[in-house]
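Notes to accompany the following structure.
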Amino acid sequence: MREHPPCVVLTGAGISTESGIPDFRSRTGIWARYDPLEYATIDAFLRDPAKVWDFYGKRLAVLGGARPNDGHRALVELEDGGVVRAVVTQNIDRLHELAGTRALVEVHGSIRTSSCLDCGTVVPLAEVVALLPVPHCPACGRVLKPDVVMFGELLPAARIARAEQLAREAGVLLVVGSSLEVHPVAGLPLETLANGGRLAIVNRGATPFDGRAGVRIDAGAGATLTALAGRFQ
Ligand code: APR
Ligand code: ZN
């Protein structure tokens, strides 16, 4: 990371499990209990918004009380120290923002707001929670949609373009806590490698890019990132 600046970090659900938020694909992950086709696709939402809000209502209860952990804080330290240029996250939990990360790209959106698909009204999280179990648009009455990217939806174009540019310009792309199974985000390591950058992976369990990683650490995100930040003090 010293010899090949700048470092761009790509995080997934694995950086937030130490904050009590389950990930998706590990043995204890969300998709082991809920079928993503029934709860996490735009078609499922349009077909039965109340059922999808039942799922999100449970997630908001968990996410609402969650706080950043050592992993999030170590990334802020590395950003303050000029080592990390930006964090691209797939997470919707706002923990990077709460920890203080400034250069942040939330490519899958976040629970910070929900929006009305008819009239475009945007409602902040606190108001949405007060409108549970099924939040309706205060302006036109239609059921609101959480501003997170569901399967079958396009990612916010500007955000994925920014993420791809950061990956292309990265000397090192440091992947933390992601199975790198979901596209287009899983394509970011290819952008880095294609432009002569290097890949480092900190993840419990395998990813499809392990063979292309110059460094691969199969360990906890919090302890590993804390040790990494310590090397730059
Ligand atoms: N430290 C390191 N790795 C961890 C930790 C931890 N404390 N906890 C979990 N992991 C690893 C898991 O073993 C798993 O390999 O993090 C990885 C998380 O992978 P996923 O559960 O697939 O999460 P993610 O890669 O973020 O999923 C991408 O899929 O469902 C969609 O939109 C959702 O953003 C999500 C996307
Ligand atoms: Zn409306």
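Has the range 13-27 got any residue that is closer than 26 Å to Arg162 by Cα, within 13 Å of ligand 1 (Cβ to nearest atom), touching a residue at least 24 places away in the same chain (Cβ under 8 Å) and among the aliphatic types (A, V, I, L, M)?
Yes, that holds for at least one residue.
Is it the case that some residue within the range 96-103 is farther than 24 Å from Ala186 by Cβ and assigned to a strand (DSSP E or B)?
No, the conditions are met nowhere in the range 96-103.
Give Leu132, Leu117 a once-over and let me know the one that is out of contact with any Leu (no Cβ under 8 Å at 6 or more places or on another chain) and among the hydrophobic types (A, V, I, L, M, F, W, C). Working first, answer last.
Details: Leu132 fails: out of contact with any Leu (no Cβ under 8 Å at 6 or more places or on another chain).
Criteria check complete, one pass: Leu117.
Let me spell it out: the conditions are (1) touching a strand residue (DSSP E or B) at 6+ places or on another chain (Cβ under 8 Å); (2) over 15 Å from Gly100 (Cβ atoms), and Leu78 meets all of them except one. Which number is the exception?
Result: Leu78 passes all but (2).
Just wondering, is there one or more residues in the range 172-182 that are crowded, with 19+ Cβ neighbours inside 10 Å, at pLDDT 95 or above, among the hydroxyl-bearing types (Ser, Thr, Tyr) and in contact with a strand residue (DSSP E or B) (Cβ under 9 Å, 6 or more places away or on another chain)? It would help to see each step written out before you state the result.
At the first step, the residues of the range 172-182 found to be crowded, with 19+ Cβ neighbours inside 10 Å are 172-180.
Next, only the ones that are at pLDDT 95 or above stay: 172-180.
Pick out the ones that are also among the hydroxyl-bearing types (Ser, Thr, Tyr) and you get 178-179.
Checking which are in contact with a strand residue (DSSP E or B) (Cβ under 9 Å, 6 or more places away or on another chain) leaves us with 178.
Yes, that holds for at least one residue.
Do we find a residue being within 13 Å of ligand 1 (Cβ to nearest atom) and surrounded by 14 or more Cβ atoms within 10 Å (Cβ to Cβ) anywhere in the range 130-146?
Restricting attention to the range 130-146, the residues satisfying the condition of being within 13 Å of ligand 1 (Cβ to nearest atom) are 146.
Still in the running and surrounded by 14 or more Cβ atoms within 10 Å (Cβ to Cβ): 146.
Checked against the condition, which is being within 13 Å of ligand 1 (Cβ to nearest atom) and surrounded by 14 or more Cβ atoms within 10 Å (Cβ to Cβ), the range 130-146 yields at least one hit.
Quick one: in the range 130-147, of everything that is in contact with a strand residue (DSSP E or B) (Cβ under 8 Å, 6 or more places away or on another chain) and in contact (Cβ under 8 Å) with a residue 60 or more places away in the chain, which residue is farthest from Arg59 (Cα to Cα)? Spell out the reasoning first.
Taking the range 130-147 as the starting set, the residues that turn out to be in contact with a strand residue (DSSP E or B) (Cβ under 8 Å, 6 or more places away or on another chain) are 131, 134-138, 142-147.
Then drop every residue that is not in contact (Cβ under 8 Å) with a residue 60 or more places away in the chain, which leaves 134-135, 143, 145-146.
Numbers: Val134: 14, Pro135: 15, Val143: 18, Lys145: 14, Pro146: 11 Å.
Taking the candidates together, the pick is Val143.
Closer than 23 Å to Arg2 by Cβ, of a type in the set (Lys, Arg), over 20 Å from the mean Cα position of the chain (by Cα) and buried (at least 16 other Cβ atoms within 10 Å of the Cβ): is that true of Arg231 in this structure?
Working: closer than 23 Å to Arg2 by Cβ: yes; of a type in the set (Lys, Arg): yes; over 20 Å from the mean Cα position of the chain (by Cα): yes; buried (at least 16 other Cβ atoms within 10 Å of the Cβ): no.
Judged against the criteria, Arg231 is not a match.
Search the range 205-226 for residues that are in contact (Cβ under 8 Å) with a residue 12 or more places away in the chain and pair each with any residue that is polar (S, T, N, Q) when their beta-carbon atoms are under 6 Å apart and the residues are at least 6 apart or on different chains.
The qualifying pairs are Thr207/Ser179; Ile217/Thr224; Gly222/Asn69.
The values are calculated or read from the model by the stated rules, or taken from the named source; none is laboratory data. Remember, it's a predicted structure, so these values are computed and weren't measured experimentally. Please note: Cβ atoms are built from the backbone with ideal geometry, for glycine as well, and neighbour counts cover all protein chains shown.
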